[in-house]
Every structure is written in structure tokens, then in C-alpha cells.
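What follows draws every value from the coordinates through simple rules; no lab data is involved. In this text the structure is predicted, and so the values were computed from the model without any measurement. Please note: Cβ atoms are built from the backbone with ideal geometry, for glycine as well, and neighbour counts cover all protein chains shown.
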Amino acid sequence: MIKLMQESSRYVSDMVEGLALAFPDRLKKLEGNVITRSDGPVKGKAGLVSGGGSGHEPAHAGYVGDGMLDAAVFGEVFTSPVPDLILEGIKAADSGEGVLLIVKNYSGDVINFDMAKELAEMEGIHVEMAVVNDDVSIEKTEDRRGVAGTVLVHKIAGAAAAAGKPLSEVKAIAEKVISRVRTIGMALSPCYMPESGKPGFELKEQEMEIGIGIHGERGLERKPVAPAADITAELLGKLLPETAQKEVALMVNGMGGTPLSELYIAYKYAAEHLKEAGYTIKKGYAGNYMTALEMHGFSITLLPVDEELLTYLKAPASTAGFHEMEEGI
């Protein structure tokens with residue numbers, strides 16, 4: 001990966017500054033690696049803040065804007081942001097109605113966002129936190145990582161907040177999504193760390209990893225590369241036992257180095273497999289939403305939906321990274 005020959009010490013800060021410069025009508029950069037809405041905080045609305053390590057673009061700053069997040073906080077690549085920066089994001093998002101932190105289930109993120117929550121509460125800001133753990137490749141629910149399903153939490157909780165729901169209801173909606181959403185991913189090649197230039201794991205030609213994470217972690221199972229139809233069937237085979245409800249939203253998410261053509265192919269086979277299994281896709285997405293730098297692979301997310309969740313999924317959103325997702329596929 002070329003990385004534009006950038007110094008590793010400036011990789012994230014230059015990326016964040018460039019993002020804000022590219023979308024000045026939507027985004028504003030604060031001191032440090034914090035991105036907020038250019039029109040925020042929005043009076044009378046509960047604020048939403050997310051973030052984590054960099055390397056997952058367009059997550060999370062790409063989802064800052066009307067109908068989704070109010071602020072996003074960047075750490076270094078695959079490293080949690082520090083509590084002081086998260087606190088600045090909370091302050092920027094707070095209009096007096098409180099703030100919900102949407103956090104992926106990684107120990108560093110959970111600890112640092114919780115510390116920032118305590119700091120904000122000491123300053124009189126009401127803060128709640130929802131932790132996403134949608135990765136079914138890990139058996140124990142409490143240990144599951146937050147991956148691409150986090151984006152659907154952003155979308156639905158963001159729509160609820162935009163509709164004027166109080167913080168308690170926005171948190172309840174977010175937790176409803178978290179209780180239902182499930183994801184699993186695969187990779188044909190690893191990503192390379194900007195600091196070291198080395199891959200997160202080694203794969204031989206014609207090998208693939210099933211159950212990879214979004215921080216360059218290797219998967220839980222390695223096997224020979226299979227046709228796209230077989231791969232999607234295998235991934236869905238791990239999701240469907242936890243997805244009893246038959247009306248779902250389907251997301252096929254690229255890991256950063258996968259051509260859109262391949263994601264559309266995976267979506268086709270996933271849709272066919274779901275139909276054969278008696279499922280109805282009520283909303284569909286294919287694209288790069290939660291990546292791992294330039295990893296070649298994809299994940300599949302299923303979210304069982306009801307009328308409430310579907311209404312929020314279909315609500316308008318205007319952000320730098322969510323435009324192709326507004327109408328789905």
C-alpha cells in the first residue's frame with residue numbers, strides 16, 4: 001500500500017484535516033482529531049458521538065451530519081482516542097439535551113469512552129453509552145467485537161434523535177438495534193499497518209480467512225478460496241441461526257480493498273440465498289461502510305427489522321460517507 005508516502009506521525013491528523021476541507025459545508029474540525037457538524041450542536045436534539053481508531057473510513061466521521069452523528073473522534077490507526085478528545089466531541093455535540101456515545105466493543109474504546117462520559121458528567125452533561133457487539137465469529141456475546149453493524153446503529157439512532165426523541169428513547173432504540181444486528185466477515189488478503197508497513201497476518205495465495213476483525217486481526221478459520229456463492233452461503237450459515245425473524249436489512253460491506261463489482265456479486269448471492277431460506281430483504285446496502293484500511297474482503301450484516309426500525313432506516317441522512325446508502329440497493 002502506497003499511503004502517499006506520508007509520515008506515520010501525520011497520517012491521521014492530515015487525513016482528518018483533509019476530510020474537513022473536502023466537506024466544509026457539512027463538517028468542522030476541532031483542535032485535535034475531532035470532527036463535528038458544521039451547524040452543530042443542534043438545538044433541542046440529543047447529541048450522538050462515536051469514534052475509535054482510524055483506518056475504518058468512511059467510519060466514523062463520514063457519518064457526521066444531519067440524520068446521523070453530531071461528532072466523531074479519531075484515535076491513531078486502530079487505536080482508541082484518548083478521553084480528553086472524546087470529551088471535546090461530547091461538548092461539541094451537546095445542545096443541553098444530553099449525548100449518546102455509540103462505542104464498538106473493544107476494551108480500549110469502552111474504557112476511554114466511559115472515562116470521557118464520567119468527565120462530561122462532572123461538567124454537568126448528561127451522557128449515556130451504547131456498546132455494539134455484532135461480530136458472531138466470537139462465541140461469547142460479551143466478548144463480541146463491534147463491526148459493520150455499528151453503522152446501522154448510527155443510522156437508526158441518528159434518525160430517532162433527528163426526529164426529536166429524548167436521549168432515553170434514543171438510547172433504547174440504539175440498544176434495540178444492538179440486540180438484533182449480527183455481522184461476520186472474511187478476507188482474501190490482510191491490511192498493512194502504516195507505522196510498520198507489515199501485514200496484520202499472512203495469507204498464502206488461494207487462501208482466505210473467515211471471521212476476521214476490522215483491526216487487521218486474522219480470522220478464526222483459514223481455508224482454500226471458494227467461489228463467491230459458496231463464501232456468501234458460508235457466512236450466512238453463521239448468521240441465520242441468530243436471525244430468526246424473516247424480514248431483514250442486509251448490508252454487504254467492503255473491507256477497503258474490494259472492488260464494488262465484487263461487493264455487488266456478493267450481494268447478489270446473499271440476496272438469493274436469503275430468498276431461498278424464506279427471508280425478505282426490506283432494505284439493502286452494498287459498499288464500503290466500515291473498512292480495515294485496504295484489506296481485500298467483505299462482511300455481511302443482517303438486521304431483523306420491524307416497522308419502527310425500517311422507518312428510521314428510510315429516514316433521510318446527509319453525510320459525507322452515507323450518500324450511497326440513503327436509498328440502499
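The range 156-261: which trypsin sites (Lys or Arg not before Pro) are DSSP loop and have at most 12 other beta-carbon atoms within 10 angstrom?
K204, K246
Work out from phi, with θ = phi - 60° and the Karplus expression 6.51 cos²θ - 1.76 cosθ + 1.60, the ³J(HN,Hα) of each residue of the range 31-37, listed in order in whole Hz, and give x for Gly and Pro.
4, x, 8, 10, 10, 10, 5
Output the relative contact order of the chain, whole-number percent, from Cα pairs under 8 angstrom with separation of 6+ residues.
Result for the chain is 18 percent.
Which value does Rg/Rh take for the range 194-249 over its C-alpha atoms, Rh per Kirkwood?
Radius of gyration relative to Kirkwood radius: 1.08.
From Cα pairs below 8 angstrom and at least 6 apart in sequence, can you work out the relative contact order of the range 9-179, rounded to a whole percent?
About 21 percent, as a whole number.
Name the residue farthest towards the positive end of the dipole of the chain from the options S13, I111, T232, assuming +1 on Cβ of Lys and Arg, -1 on Cβ of Asp and Glu, about the Cα centre.
Final value for the positive-end residue is T232.
Roughly what would the spin-label model give for E234 and E272, points 7 Å off Cα along C-beta, in nm?
In this crude spin-label approximation the distance works out to 1.8 nm.
Give me the extension gain from S95 to K140: residue separation times 0.36 nm, minus the current Cα-Cα distance, reported in nm with one decimal.
Full-extension gain reported as 12.5 nm.
What ³J(HN,Hα) values, in whole Hz, does the Karplus curve 6.51 cos²θ - 1.76 cosθ + 1.60 give for the range 299-312 when θ = phi - 60°, with x put for Gly and Pro?
Ordered by residue, 3J(HN,Hα) equals 10, 10, 10, 10, 10, x, 10, 10, 4, 5, 5, 5, 4, 5 Hz.
Using the alpha-carbon centroid of each, what span in Å lies between the range 67-144 and the range 256-329?
Value for the Cα centre distance between the two parts: 24 Å.
If packing is taken as the average number of other Cβ atoms within 10 Å across a peptide's residues, how do 102-114, 141-153 rank, most packed first?
141-153, 102-114
Convert each backbone phi in the range 313-322 into a coupling constant with the Karplus relation 6.51 cos²θ - 1.76 cosθ + 1.60 (shift: θ = phi - 60°), then list the ³J(HN,Hα) values in order as whole Hz, x for Gly and Pro.
My calculation for the range 313-322 gives 4, 8, 5, x, 9, 10, 9, 5, x, 10 Hz in order.
Mind checking which lysines have their C-alpha under 17 Å from K165, skipping anything on the same chain fewer than 8 residues away?
Of all the lysines, those that pass the test against K165 - Cα under 17 Å, at least 8 places apart if same chain - are K43, K45, K155, K176, K314.
Given the rule -39500 (n - 2.57) for each run of at least 4 DSSP H residues, summed and divided by the residues of the chain, what is its mean residue ellipticity at 222 nm, to the nearest 500 deg cm²/dmol?
Taking each H run of at least 4 residues, the total per residue is -10000 deg cm²/dmol.
So who's got an amide H within less than 5 Å of the one on V225, skipping anything under 5 residues away but keeping other chains? H placed 1.01 Å off N, in plane.
E207, M208
According to the Kirkwood expression over distinct Cα-Cα pairs, how big is the hydrodynamic radius of the range 88-208, in Å?
16.2
Considering the chain as a Gaussian network with a 10 Å cut-off on Cα pairs, which listed residue, E234, E276, E17, attains the greatest mean-square fluctuation?
E276
Quick one: which residues, 5+ away or cross-chain, put their amide H under 5 Å from the amide H of V99? H built at 1.01 Å from N.
G47, H126, V127, E128
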